[in-house]
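Data block below; observations after.
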Amino acid sequence: MMPSNPKKRQRVIHRRHFSTATTAHLSSTAVLIDSFCDRTVTETSQKLRRTSSHPLFSSSSSSSSASTTAADTSFNDPTTADVILRLFLDPTAPFTDSDDSVSAVDGQSDVQIYLHSQVLRRAKYFSALLSDRWQHNSAIESSNPISDGKNFTCLKYGVPPTQGSFDIHLTVLELLYNDDLSTIINSASVALDILPVALELLFEDCVKNCVKFLEAVPWSEEEEKRVLTLIPFLREEESEELLARFSPGKDNSCEEMLHGLILSAIHNHPNMAFVKAFVAKLLRDFSSRESARRVLGRAFEESLKIVKESLEEYSSPDFRGDHNETEAIQRLNLHKALTNGKHLLWLLERMIELRVADSAVKDWSEQPALTADLQRAFRDDAWRNIVPGLPAVLLRCTSKLANAVAAGTILAARQVRMKLVKDWLPVLIVCRDNVSPMLPSHKSLYIELEETFLRIISTLPMSEAQELLQQCLSFSTRNVEDCPHLVSAFNTWFRRAMRPLQRNLF
């Protein structure tokens, strides 16, 4: 659950390590007034030269000088500055990954820069630090004359000793001199690097610009993790848009999304085959099998209901209307049954693949009304020119489930196994006897389903197997050698029946 922040919560400075080496850290290191009384001009110059060579800024002029500051206040300009800020590596900072720790960054252990107090006050942190309350603190020496007689407020500021830490802090300090922050904040990674330091220094304009940029652009998976880490440090109104990406609004939003995708794949999308393959992959990769079970089960029940209602209306039509109108309705009912039968087949394939078809096989075994309507429909010739593929589609559904039961992919109870064969065996027999001409693909389907039914019958008690096997005599052919599965099933039953009863096996 996402953290909820008080609407008017003040920013609190923390030191926090982020996952990547270039990510800045929210620092609780206090900025201390640092006396350079024993520092010579030469030492200061050496520091300046080392700072000046840094690629992020020049010593005397900056291309990003703020339009709101005076013309003589340039970033790192010692001739006009009144503040010296020394950034140093703070070895006490905690680390998530010790591999990120470095003894020096770019060959340096600290960086010194010349700044202007009126510019620094743009960040509330420095504004508070440079206020009269701090300046008059007797325990802190806020100014120090350099050898040329000029007074500087000398500050030092600890940064985490991670690669890129100096760069990020110097970038944020330079942004204090720039009104157009968008020239620097031009990617999600840059915004995520800058934002923690801006929060640390209470640089509100920078925080606002970083958040605004992150709201508008996509994130990589790693960037998303960093956003989640930073959200607790934002005010509620600042984090609202960012949180919206992680807050679906409903507890079952994932299931609703999956259900919508399934319906689109099987009903509406013009490029159905590709979309079905894509949704099938999403279902395979989905982390919650129980959610997939519920979503697929819901879609299965919806399509099964339409098939049942359509065949019921076809088998018991209302002839009170016009003949042509009745015929049109009958055609519509058959087409609806065929279309939703195809949906059922695809759904069953997904359910069996994910091993979540337990409820589906139970539902399929409890359809005496549907199987009776199918037998009546297939004994009539009217459907042949309208939906010739309907028998094959529904028998394929039965075959998929029966094969999964026989293979142990679905562990069905004895009653479910018995009813599955008992209800759907008559439909298979009617299709064998009445559907002609029999296409080669249909013949192989019938033989496969016969073999599977016989395998399931072999798992049932002798009395139930005896009743069902007698109905399988229609599987026989002119040449007995062409139905070895039937011969094997009867031989198995008789072998068991003739075996002496052994009550005590040990």
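The values are calculated or read from the model by the stated rules, or taken from the named source; none is laboratory data. The model shown is predicted, which means the values in this text are computed figures rather than measured ones. In this analysis, Cβ positions are derived from the backbone assuming ideal geometry, glycine residues included, and neighbour counts consider all displayed protein chains. Each accessible area value is taken on the protein alone, full model and side chains, heavy atoms only, with ligands, DNA and RNA left out. Shrake-Rupley method; radii C 1.70, N 1.55, O 1.52, S 1.80 Å.
Key figures for this structure:
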item	result
Yes/no for SER182 being within 33 Å of the chain's Cα centre (by Cα), among the hydroxyl-bearing types (Ser, Thr, Tyr) and surrounded by 15 or more Cβ atoms within 10 Å (Cβ to Cβ)	no
Among (1) farther than 19 Å from LYS362 by Cβ; (2) out of contact with any helix residue (DSSP H, G or I) (no Cβ under 6 Å at 6 or more places or on another chain); (3) not small (Gly, Ala, Ser) - the single one LYS422 does not satisfy	(1)
Residue ID - farthest from ALA216 (Cα to Cα), chosen from residues in segment 245-299 that are aromatic (Phe, Trp, Tyr) and open to solvent by 80 Å² or more (accessible area, probe 1.4 Å)	PHE274
Top-ranked residue of segment 350-364 - restricted to ones that are assigned to a loop (DSSP other than H, G, I, E, B) and crowded, with 17+ Cβ neighbours inside 10 Å, ranked as farthest from the chain's Cα centre (by Cα)	ALA357
Search result, residues across segment 459-503 that are open to solvent by 60 Å² or more (accessible area, probe 1.4 Å), under 51 Å from the mean Cα position of the chain (by Cα) and under 22 Å from ASN434 (Cβ atoms)	GLN471
Residues satisfying the stated conditions in segment 170-179, i.e. assigned to a helix (DSSP H, G or I) and over 37 Å from the mean Cα position of the chain (by Cα)	LEU173, GLU174
Matching entry among GLU221, GLU237 (being open to solvent by 70 Å² or more (accessible area, probe 1.4 Å), farther than 30 Å from ARG298 by Cα and free of Cβ contacts under 8 Å to residues at least 24 places away in the same chain)	GLU221
Test: residue in segment 423-434 that is touching a residue at least 12 places away in the same chain (Cβ under 8 Å), of a type in the set (D, E, K, R) and in contact with a Pro (Cβ under 9 Å, 6 or more places away or on another chain)	yes
Residues that are part of a helix (DSSP H, G or I) and of a type in the set (Val, Ile, Thr), drawn from segment 372-428	VAL393, THR398, VAL405, VAL416, VAL421, VAL427
Which numbered condition PRO317 fails, given (1) open to solvent by less than 80 Å² (accessible area, probe 1.4 Å); (2) in a helix (DSSP H, G or I); (3) at pLDDT below 95	(2)
Answer from ARG379, ARG355, ARG350 - the residue that is more than 23 Å from LEU296 (Cβ to Cβ) and of a type in the set (Lys, Arg)	ARG379
Selection within segment 384-396 - within 17 Å of HIS442 (Cα to Cα) and either surrounded by fewer than 23 Cβ atoms within 10 Å (Cβ to Cβ) or small (Gly, Ala, Ser) (or both)	ARG384, ASN385, VAL387, PRO388, GLY389, ALA392, VAL393, ARG396
Failed condition for LEU344, given (1) of a type in the set (A, V, I, L, M, F, W, C); (2) crowded, with 18+ Cβ neighbours inside 10 Å; (3) more than 30 Å from ARG376 (Cα to Cα)	(3)
Filter result (in a loop (DSSP other than H, G, I, E, B), within 19 Å of ALA406 (Cβ to Cβ) and not β-branched (Val, Ile, Thr)) within segment 453-488	SER458, LEU460, PRO461, CYS483
The lone exception for LEU348 - which of (1) modelled with pLDDT under 95; (2) touching a Cys at 6+ places or on another chain (Cβ under 9 Å) it fails	(1)
Any hit, segment 433-447, residues being in contact with a His (Cβ under 9 Å, 6 or more places away or on another chain), at pLDDT below 90, surrounded by 14 or more Cβ atoms within 10 Å (Cβ to Cβ) and not in a helix (DSSP H, G or I)	yes
Residue among GLN367, GLN330 that is touching a residue at least 40 places away in the same chain (Cβ under 8 Å), of a type outside the set (Lys, Arg) and farther than 30 Å from VAL279 by Cα	GLN330
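Listed here are the residues, each with its yes/no results for (1) open to solvent by less than 40 Å² (accessible area, probe 1.4 Å); (2) at pLDDT below 55; (3) of a type outside the set (Phe, Trp, Tyr).
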| site | (1), (2), (3) |
| --- | --- |
| ASP100 | yes, yes, yes |
| HIS116 | yes, no, yes |
| ASN137 | no, yes, yes |
| THR153 | yes, no, yes |
